[in-house]
Amino acid sequence: MPEGLIVREKPAYFWPLVAGGAAVFLAAVIVCICIFVNHKKAENGSDVVIDKNSSKKTYELTDKAFSSRVYVGDQFVYHAAQGDIILTVSDTHSTFGLQCPVGTIYTELSEEAELDVDGDAVTDLIVYVSDVSVSEENRGAEVRLLRRTGGNYASSVSHDDIPFATEIASNHKQIVIFEDNRAYPFTLNGSFRGPCVFRYKVDRHDSVESYFTSGEVVTMTANNGIRLWMSNCNTLKFSIIADSKSYDLEIGKAGQVLVEDIKWIKDTDGKYKLVVIELD
């Protein structure tokens, strides 16, 4: 029997075909590895670009409340009578640190603080910290800053404008907040928990009216008194600060429209009382 009929010989192109297939497979593996490595480098490179391009931001503080997440190195420009004051975020780890000309002022989480940034013993900013990380400084801090405007600030008490207790109508409900031998300026902070049309009048200044929503705050400082108009009392929570003492004030019911005075009165015994008087 001829050997060619019982033995099947491999074609001459078999080994070149195997070698070519192996080369193609190896090339595909190398290409995949290169693509993976380049992708990783691109991701790492993008992080670096973000870090390099994440330049520190500068914000201008106006009469409107500022609310945003800030990071170490960010700056605020506070326009004061003596010129612009630069405030720099110095700490966002556990506490919020704000570097001012008078030094670094720290505010804790969920704390609402009054800041004197120029050292004149007058409150310039109201700061509230709603979020700050206890472990990572690079996460920044979520803060709300409210500038004290000249229209809401009072300088000294006019005792001639303080009424006697006997001049207040007896049918008006009164709540005594503070009692002292003297009268002094006080600050009223209002926090809104829902929508409300709110109007206020500080001392002899013109009244201010606006529509507020949940999360907003309003701050007023008066010498003698503040008159308040509220379209829905239950949406408001007040905090009164006077002579380093504070008092939380809850007034009204849900849906109640109310007009109130918060002011100093002089009692018959010569003492001064800071009272809340329900007018209408």
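Couple of notes before you dig in:
- The conditions of being closer than 20 Å to Lys64 by Cβ, of a type outside the set (D, E, K, R) and surrounded by 14 or more Cβ atoms within 10 Å (Cβ to Cβ) are not met by Asn232.
- Test for Ser156: is it modelled with pLDDT under 80 and either polar (S, T, N, Q) or assigned to a strand (DSSP E or B) (or both): yes
- Of the criteria (1) in a loop (DSSP other than H, G, I, E, B); (2) surrounded by fewer than 16 Cβ atoms within 10 Å (Cβ to Cβ), which one Gly252 fails: (2)
- Val89 vs. criteria part of a strand (DSSP E or B) and more than 25 Å from Glu136 (Cβ to Cβ): no
- Only residues that are free of Cβ contacts under 8 Å to residues at least 24 places away in the same chain and outside any strand (DSSP E or B) were counted in the stretch 110-132, giving 6.
- Qualifying residue in the stretch 28-46 (condition: at pLDDT below 85, aliphatic (A, V, I, L, M) and either within 33 Å of the chain's Cα centre (by Cα) or part of a loop (DSSP other than H, G, I, E, B) (or both)): no
The values are calculated or read from the model by the stated rules, or taken from the named source; none is laboratory data. On a predicted model such as this, the values are computed, not experimentally measured, just so you know. Because the Cβ atoms are built from the backbone with ideal geometry, glycine has one as well, and the counts that use them run over all protein chains shown.
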